[in-house]
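Read through the structure below, which is laid out as structure tokens, and then see the notes.
The values are calculated or read from the model by the stated rules, or taken from the named source; none is laboratory data. Nothing here was measured: the structure is a model prediction, and the numbers come from that model. Note that we place each Cβ from the backbone using ideal geometry, even for glycine, and neighbour counts take in every protein chain shown. Calculation scope for accessible area: heavy atoms of the full protein, side chains included, ligands and nucleic acids excluded. Shrake-Rupley method; radii C 1.70, N 1.55, O 1.52, S 1.80 Å.
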Amino acid sequence: MQDIYQATKEALILLLGGDPGIWEIVGISFSVSLQAILYITPLSLLLAFLLAFGNFRGRRILISTFHTFLAIPAVVVGLTVYIFLSRNGPLGDLGLLFSQTAMVIGQMILAFPIVVAMSHSALQSSDRAIWETAKTLGASSPKAMFTVMYEARFGLFAAVIAAFSRIIAEVGCSMMVGGNILHHTRNIPTAIALETSKGEFAQGIALGLVLLFLALALNLLLSSARYRLEMA
Amino acid sequence: MQGSVRFDNVEKVYGDRVLLSIDTFTVNPGQCILISGDNGSGKTTLLKIMSGLLKPEKATVTKNDVSLPWVKAKSMLQSEMVYLHQTPYMFDTSVFNNVAYGLRATKVPKAQVEEKVWQCLRWARLDHLTPRNAKLLSGGERQRVALTRARIVNPSFLILDEPTANMDRGSRHQTYELIQRLQSEGMSIVISSHDVEFFANIIDFHYFLEAGNLRKIDIGTKQRKHKSSAVVTPFQRKGR
Ligand SMILES: Nc1ncnc2c1ncn2[C@@H]1O[C@H](COP(=O)(O)OP(=O)(O)OP(=O)(O)O)[C@@H](O)[C@H]1O
Ligand SMILES: [Mg+2]
């Protein structure tokens, strides 16, 4: 008990004292995960829209594929990206293994099906009258699409937040393709894993608190979005 | 672009049920047509096909003596007709932005949008609602905002799907009055409604949708006058 108390106290000192090592790791986590979300969101939303409103062959199969990929284990994504980026892999010449770029790629693959599947659900359940009203008032199809997305914005926002929550806390893939290199690819989850295995709890607890706090903040955002959704 | 639009051999199938199988139907400029029919007879479906929002299994659409394949008919219908839903969808923004939607979508200059929106809102006597969120309006107010939102894009035909269903007397009257003014301004209107008597005074033709086909109903002038005095007059007294 005494140890945990001591470690927590040290953790708070690290956090509040602005320990540069800790905040660097936090910075890497945010930079990688925000990039991943930023890159996949436009394409995911477009695809989700086509799946919800389009009428083409293979639509149903694509939808269930994305729902299946929701549960894909991070280590499997890590393994796949690793194989592609490793020196002898098809993309080995790029020399991207153990870089932040590799981590971004891994997290993009993890986030993509989440945003697509959840946005698809949000758009699928949105009122068809939105599209029809936009079209009948003379909107072009892209304009009508943006109108539908705007009306469903809280659901789409929830999809993006959910994907971000998953990838910022994800350890398996980042560990494998990033390599947990200090000052470079060490992010919050990989740092926690490492510190804990070394028996150094203070930094682990400090970073864990950051993640917990983030989870709390994102959940608040989500529930306010959901609240707006129900009010509409 | 004013001109009649004719629909021939319109067929709509859901599963193994042939919902619509209409021989011929023409909408003419300046006329007001009423389509009545039982619940589930396909009025909404027909109106959406006419507005180019729903693809029929078969249809020959003719405008200015030219028959158009569905792809072309669809875009012609979408630009000539404005369809109003049974329960209009209000975009989650102000009444002003809702009314401005069609103008902005077609890239009308900003200053002109502003002016036209105000003008239309005043015309419909809705200017007091301008800053309100349209989603929070009552059913009757929504219907009148929807009518204004449609009028502003100046369509050749206005397609109204049960514009007065589920409304109290006051709202029904205000909506009726707007439709009547639109009609007197020369707007061509197609209305679907159960309430034949309610619209008796403004309609030129009445069709009954039954077993998937349209049957023309005679509206004798005698009957029309009788109905108007029996229904519309006491109603107007109450509304004011
Ligand atoms: N997408 C669809 N798939 C299958 N059946 C449908 C679909 N849309 C409508 N229908 C069916 O077609 C029939 C006609 O529907 P429609 O809404 O056109 O009737 P309506 O005359 O407008 O009825 P109401 O008076 O209740 O508004 C109904 O039985 C309905 O269940
Ligand atoms: Mg209907």
Expected field for B:ILE217, accessible surface area in Å² at 1.4 Å probe radius, rounded to 10, holds 50
Excluding residues fewer than 8 positions from A:LYS198 in its own chain, the aspartates and glutamates with Cα under 18 Å of it are A:ASP3, A:GLU10
Heavy-atom accessible area of the stretch A:105-219 with neighbours in place, 1.4 angstrom probe: carbon+sulfur share in percent works out to 71
Taking the chain alone as reference and the full protein assembly as comparison, with a 1.4 Å probe on protein heavy atoms only, the residues of the stretch A:116-135 that lose at least 10 Å² of accessible area are A:ASP127, A:ALA129, A:ILE130, A:GLU132, A:THR133, A:ALA134, A:LYS135
Chain B: longest segment with zero exposed GluC sites (Glu not before Pro), where exposed means DSSP loop plus at most 16 other C-beta atoms within 10 Å, is residues B:58-184
Between the alpha carbon centres of the stretch A:131-163 and the stretch A:66-115 the gap in Å comes to 30
Within the set A:LEU97, A:LEU216, A:LEU110, GNM on chain A using Cα springs under 10 Å gives the largest fluctuation to A:LEU216
Each residue of B:77-87 has, on average, a number of other protein chain C-beta atoms within 10 Å of its C-beta equal to 3
Counting only DSSP beta bridges fully inside the protein assembly as shown, the antiparallel percentage to nearest 5 is 55
Treating only Lys and Arg (+1) and Asp and Glu (-1) as charged, each at its beta carbon, one finds that the stretch B:14-105 has a dipole about its Cα centre, in Debye to the nearest 20, of 200
Here the convex hull volume per residue of the protein assembly as shown, taken over Cα atoms and given in Å³, is 210
Neighbours of A:VAL148 by Cβ distance under 11 Å: Lys/Arg at +1, Asp/Glu at -1, summed charge +1
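Counting alpha carbon pairs within less than 8 Å and at least 6 residues apart, what relative contact order, in whole percent, applies to the stretch A:10-231?
Values: 276 pairs, mean separation 65.7, N = 222.
Across the stretch A:10-231, relative contact order equals 30 percent.
Enumerate by residue number the chymotrypsin sites (Phe, Trp or Tyr not before Pro) in the stretch A:13-100 meeting two conditions: DSSP loop (anything except H, G, I, E, B), and at most 12 other Cβ atoms within 10 Å of the site's Cβ. Please list the in-between numbers first.
Working: sites: A:TRP23, A:PHE30, A:TYR39, A:PHE49, A:PHE53, A:PHE56, A:PHE66, A:PHE69, A:TYR82, A:PHE84, A:PHE98; in loops: A:PHE56, A:PHE98.
Within the stretch A:13-100, the qualifying chymotrypsin sites (Phe, Trp or Tyr not before Pro) (loop, at most 12 other Cβ atoms within 10 Å) are A:PHE56.
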Log entry: pair-distance distribution for the stretch A:10-231, C-alpha pairs binned every 5 Å from zero, whole % per bin is 1, 7, 13, 15, 16, 14, 11, 9, 6, 4, 2, 1, 0, 0
Partner shielding of A:140-151, as the mean number of partner chain Cβ atoms within 10 Å, equals 2
Sorted by chain and number, the residues with a modelled amide H under 5 Å from that of B:LEU34, at a separation of 5 or more or across chains, are B:ILE191, B:ASP204, B:PHE205, B:HIS206, B:TYR207
The answer for the protein assembly as shown, accessible area per residue at 1.4 Å probe in Å², is 49
Of all stretches in chain A that avoid trypsin sites (Lys or Arg not before Pro) placed in a DSSP loop and having at most 14 other Cβ atoms within 10 Å, the longest is A:88-197
